[in-house]
Amino acid sequence: MKAKECNTWATLDFESSGLSKWSYPIEVGYALSKGHSDSVLINPMSAADGWLYWDEVAEVNRHSLSRRRLHQDGLSVLSVCQHLNHTLCGVDMVFCDSQWDLFWLGRLYRAAYMRPSFTLIEIGHWLSQHQRGDSQLFQRMFSQRGQYQYRAKPDAEQIRHTLQYFLE
């Protein structure tokens, strides 16, 4: 097995079936501080706890991922959790830019009956705690870099690029 690249922090982003308490993650992307990034699709049929909610407006206007594509190309919730745990286990801080990402991480790992090997931290909360800015400043800087792509990998990369200003 290849030695892991040393990364002190990473960013993580989810795409979901919608924005409701019934929604679930359908794609997760991450970007490591040294630049490597990736994403995986999640097959909702692999979750035993009834991931049925689907917002067609989100599919058409946001992520453009169909349920059929997720069923065909998505990995099981167990495989996704194992991949994330392996990739992010040595990372000191893993950041997301929304409370929704915390929600979907919890839903993903509960469905796999696992725990993450990392702690996901909401950026705005961390910036405020460490007196490095706030979520409004982060969002303004993020917006200057362009709009959300509503796909997990490019959004995680954009979050990483914006967060570098605050961390380095």
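The values are calculated or read from the model by the stated rules, or taken from the named source; none is laboratory data. Please read these numbers as outputs of a predicted model, since none were measured by experiment. Ideal geometry is used to build each Cβ from the backbone, glycine not excepted, and the neighbour counts take in all protein chains shown. Only protein heavy atoms, including side chains, enter the accessible area calculation; ligands, DNA and RNA are left aside. Shrake-Rupley method; radii C 1.70, N 1.55, O 1.52, S 1.80 Å.
Assorted remarks:
- 3 or more residues closer than 22 Å to F138 by Cα: qualifying strands (runs of 3 or more DSSP E) within the range 1-113: 9-16, 25-32, 93-96
- Comparison of Y150, Y113 shows that the only residue that is touching a strand residue (DSSP E or B) at 6+ places or on another chain (Cβ under 9 Å), aromatic (F, W, Y) and open to solvent by 60 Å² or more (accessible area, probe 1.4 Å) is Y150.
- Selection status of Y113, within 29 Å of Q82 (Cα to Cα) and touching a Lys or Arg at 6+ places or on another chain (Cβ under 6 Å): no
- Picking from residues in the range 78-110 that are farther than 11 Å from F14 by Cβ and touching a Cys at 6+ places or on another chain (Cβ under 9 Å), the one that is most open to solvent (accessible area, probe 1.4 Å) is G90.
- Among the candidates A58, A10, residue that is out of contact with any Pro (no Cβ under 9 Å at 6 or more places or on another chain) and crowded, with 24+ Cβ neighbours inside 10 Å: A10
- Filter pass, P25 being open to solvent by less than 20 Å² (accessible area, probe 1.4 Å) and under 25 Å from W9 (Cβ atoms): yes
- Filter result for S143 (without any contact (Cβ under 8 Å) to a residue 12 or more places away in the chain and of a type in the set (G, A, S)): yes
- Candidates L75, L32 - the one that is of a type in the set (A, V, I, L, M, F, W, C), under 20 Å from H161 (Cα atoms), at pLDDT 95 or above and open to solvent by 10 Å² or more (accessible area, probe 1.4 Å): L32
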